[in-house]
1. Within the group SER21, SER30, which residue is in contact with a Ser or Thr (Cβ under 9 Å, 6 or more places away or on another chain), among the polar types (S, T, N, Q) and not in a strand (DSSP E or B)?
2. I'm told ARG38 meets every condition in (1) in a loop (DSSP other than H, G, I, E, B); (2) surrounded by 14 or more Cβ atoms within 10 Å (Cβ to Cβ); (3) charged (D, E, K, R) except one. Can you identify the failing condition by its number?
3. Output the number of the condition that ASP54 fails; it satisfies all remaining conditions of (1) touching a residue at least 60 places away in the same chain (Cβ under 8 Å); (2) open to solvent by 40 Å² or more (accessible area, probe 1.4 Å).
4. Within the range 61-115, considering only strands (runs of 3 or more DSSP E) that don't extend past its boundaries, which have at least 3 residues that are farther than 13 Å from VAL12 by Cβ, in contact with a Phe, Trp or Tyr (Cβ under 8 Å, 6 or more places away or on another chain) and open to solvent by less than 10 Å² (accessible area, probe 1.4 Å)?
5. Starting from the range 61-81, keep only residues that are closer than 14 Å to ALA24 by Cβ, then list their pairs with residues that are loosely packed, with under 13 Cβ neighbours inside 10 Å whose Cβ atoms are within a distance under 8 Å, requiring at least 6 positions of separation or different chains.
6. If GLU46 satisfies all but one of (1) in contact with a Leu (Cβ under 7 Å, 6 or more places away or on another chain); (2) open to solvent by 60 Å² or more (accessible area, probe 1.4 Å), what's the number of the condition it fails?
7. Scan SER30, SER70, SER115 and give me the residue that is under 13 Å from the mean Cα position of the chain (by Cα) and of a type in the set (Gly, Ala, Ser).
8. Please go through the range 1-34 and give me each residue that is of a type in the set (D, E, K, R) and open to solvent by 60 Å² or more (accessible area, probe 1.4 Å), ordered by number.
Amino acid sequence: QVQLVESGGGLVQPGGSLRLSCTASGINISEYTMHWYRQGPEKQRELFANILSDGVTYYLDSVKGRFTLSRDNAKNTMYLQMNDLKPEDTAVYYCNTVWRARNLWGQGTQVTVSS
């Protein structure tokens, strides 16, 4: 079964940090471009970071310098280190890839930034 599973979300105070994980089964994430999306309350889902198969990463300006993508091929897991979190980062976070012309999504993990 091909699937993506996110974990690591939670409640954190402004300025805090969290690390999200996205673990894949059925595919080798090192062969795919992997994406992180998020959807805040009453907002559209937005793509904010991705990592190419060669390891190159891209970030939306709103998270650049605060969020860092990495990948552990041995664990078939992608990580999102989020530092200096802000209330506007509150969202459900999803990992995604395109597999056999299909969008493959995880179930999402909630991140809430609040004092």
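1. On the way: SER21 fails: not in a strand (DSSP E or B).
None of the other options fit; the residue is SER30.
2. Among (1) in a loop (DSSP other than H, G, I, E, B); (2) surrounded by 14 or more Cβ atoms within 10 Å (Cβ to Cβ); (3) charged (D, E, K, R), ARG38 violates only (1).
3. Every listed condition holds for ASP54 apart from (1).
4. By residue number, 91-99.
5. Listed by first residue and then by second, the contacts come to ARG71/GLY55; ASN73/ASN28; ASN76/SER25; ASN76/ASN28.
6. If we test GLU46 against (1) in contact with a Leu (Cβ under 7 Å, 6 or more places away or on another chain); (2) open to solvent by 60 Å² or more (accessible area, probe 1.4 Å), just (1) comes out false.
7. Residue meeting the stated conditions: SER70.
8. Of everything in the range 1-34, those that are of a type in the set (D, E, K, R) and open to solvent by 60 Å² or more (accessible area, probe 1.4 Å) turn out to be ARG19, GLU31.
The values are calculated or read from the model by the stated rules, or taken from the named source; none is laboratory data. Please read these numbers as outputs of a predicted model, since none were measured by experiment. Don't worry about glycine lacking a Cβ; one is built from the backbone with ideal geometry, like all the others, and counts go over all protein chains shown. Protein only, heavy atoms only, side chains kept; ligands, DNA and RNA dropped before computing areas. Shrake-Rupley method; radii C 1.70, N 1.55, O 1.52, S 1.80 Å.
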